[in-house]
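Bear in mind these aren't lab numbers, they're just calculated from the coordinates by the rules spelled out. This one's a predicted model, so the numbers in the text were calculated from it and none came from an experiment. Cβ placement follows ideal geometry from the backbone for every residue including glycine, while neighbour counts extend to all protein chains displayed.
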Amino acid sequence: MNNLYSEIKKVQTSDCSSSLSEVISRYSPVFLSMYSKYQKSIASSGADPNDILLDKDLIIYESAKTFNINKGSSFCTWLSNNTKYRCLHLMGKALKVLRLSEKIKTNMPKDNDRHPFSGKELGSHIFFILNELKDKRISSVLV
């Protein structure tokens with residue numbers, strides 16, 4: 001175990017590629033175990049589960065770079081938490097997009113409407129959509 005912590009330290013201090021390969025090889029099963037717990041939930045949220053899987057090496061690398069042995073947790077725990085966070089973050093983003101697209105669909109005029117929006121109504125609809133995004137940058141522009 002100490003040997004693996006020394007490999008993680010080499011990744012942190014000098015971005016040693018051979019040490020990173022060793023860490024990835026050793027801890028990929030930990031990543032895959034946590035990922036498999038969220039795989040179905042990611043798919044049902046509308047996100048692509050392969051997005052996380054394709055980032056496996058990056059997630060392990062970032063976890064190694066940010067791991068602090070002095071905090072009292074193991075690297076397995078740190079990597080598992082980072083993997084879980086990435087899965088939950090991806091699901092949250094997908095669900096936010098899904099909810100927003102549903103709101104837009106319900107507020108769009110029907111296909112058989114002759115005049116979907118007049119100038120003022122179009123502006124109101126655009127502001128409604130932008131307000132639903134809940135982005136601080138947008139709110140500063142709208143003021």
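Observations on the structure shown:
- Over the stretch 2-97, relative contact order from alpha-carbon pairs under 8 Å, at least 6 apart, %: 34 percent
- Each of 137, 26, 86 has some number of other Cβ atoms within 10 Å of its Cβ, and from fewest to most they run 137, 26, 86.
- Annotation: amide H of residue 16 within the under-5 Å range of 11, sequence separation 5 or more or interchain, hydrogens built in the peptide plane.
- Residue 17 versus residue 58: modelled label distance in nm, points set 7 Å from Cα along the beta carbon direction: 1.9 nm
- The gain in end-to-end length when the residue 132 to residue 81 segment is fully stretched comes to 15.3 nm, 0.36 nm per residue minus the alpha carbon separation.
- Shape summary of the stretch 2-97, radius of gyration then Dmax from alpha carbon positions: 14.0, 44 Å.
- Formal net charge of residues neighbouring residue 11 (Cβ-Cβ distance under 13 Å; K, R +1; D, E -1): -1
- Cα Rg, Dmax, the stretch 19-70, angstrom units: 12.3, 38
- For residue 38, neighbours were defined as the other residues whose beta-carbon sits under 15 Å from its Cβ, and their charges (Lys and Arg +1, Asp and Glu -1) total +3.
- In terms of surrounding Cβ atoms within a 10 Å radius of their Cβ, 77, 83, 13 rank from fewest to most as 13, 77, 83.
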